[in-house]
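K.L.:
Mind looking over this structure? Questions follow.
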Amino acid sequence: MDIDGSVRDPEKKEYSSVRVGREDDIKKSKRMTAVVHDREVVIFYHKGEYHAMDIRCYHSGGPLHLGDIEDFDGRPCIVCPWHKYKITLATGEGLYQSINPKDPSAKPKWCSKGVKQRIHTVTVDNGNIFVTLSNEPFNCDSDFYNTGDFKVIQSSS
Ligand code: FES
């Protein structure tokens, strides 16, 4: 058993879920930060749903827990406070607007860059919030700012 009370399966190298707080508290605050197996994450409570993602923005490490949530193309996104990149809460996709330069009268269209921010799983059990880190085996851009030398835990609440 880990010091945080969680259990790791040594064969699968998968991380178990970690309790990060109480449902009552996040419903009031709408967001919280936590350290899960040495990885800093932000958890949002938005329109009745929970979302967890790496706390540092995939673009340049900006503090996503300080961003605003807005809908773009009908999709709730966290807007990074540093350079205003938009990241979908549900999937971690980076959204951008494109326009056809040959048709300047055309309306800009929202497009996806694909998954850029690693999303983690939130579960609720008996009033407690748990986060399970993603172990999806792909290189997610946000990994760079959320591991290794950038993995500096700051006190944030
Ligand atoms: Fe987030 Fe640049 S660091 S948009």
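K.L.:
Being closer than 23 Å to G21 by Cβ and in contact (Cβ under 8 Å) with a residue 40 or more places away in the chain, is that true of even one residue in region 107-118?
P.N.:
So far as region 107-118 goes, yes, one or more of its residues are closer than 23 Å to G21 by Cβ and in contact (Cβ under 8 Å) with a residue 40 or more places away in the chain.
K.L.:
Pick out, from region 93-152, the strands (runs of 3 or more DSSP E) lying fully within it that include 3 or more residues that are out of contact with any Lys or Arg (no Cβ under 9 Å at 6 or more places or on another chain). Steps first, answer last, please.
P.N.:
On the way: elements: 93-98, 109-115, 119-125, 128-132.
Of the strands (runs of 3 or more DSSP E) lying wholly inside region 93-152, those with at least 3 residues that are out of contact with any Lys or Arg (no Cβ under 9 Å at 6 or more places or on another chain) span 109-115, 119-125.
K.L.:
Answer with yes or no whether I99 is β-branched (V, I, T) and surrounded by 19 or more Cβ atoms within 10 Å (Cβ to Cβ).
P.N.:
Against the criterion (β-branched (V, I, T) and surrounded by 19 or more Cβ atoms within 10 Å (Cβ to Cβ)), I99 does not qualify.
K.L.:
How many residues does region 35-49 hold that are buried (at least 19 other Cβ atoms within 10 Å of the Cβ) and in contact (Cβ under 8 Å) with a residue 60 or more places away in the chain?
P.N.:
Adding up the residues that qualify gives 5.
K.L.:
Can you find a residue in region 73-85 that is hydroxyl-bearing (S, T, Y), modelled with pLDDT of 95 or more and touching a Lys or Arg at 6+ places or on another chain (Cβ under 6 Å)?
P.N.:
No - not one qualifying residue is present in region 73-85.
K.L.:
If you take the residues in region 51-71 that are of a type outside the set (D, E, K, R) and more than 15 Å from K116 (Cβ to Cβ), which one is nearest to the ligand (Cβ to nearest atom)?
P.N.:
P63
The values are calculated or read from the model by the stated rules, or taken from the named source; none is laboratory data. Bear in mind that the values here come from a model prediction, so they are computed numbers and not experimental data. A quick note on method: Cβ atoms are made from the backbone with ideal geometry, for glycine too, and the neighbour counts reach across all protein chains shown.
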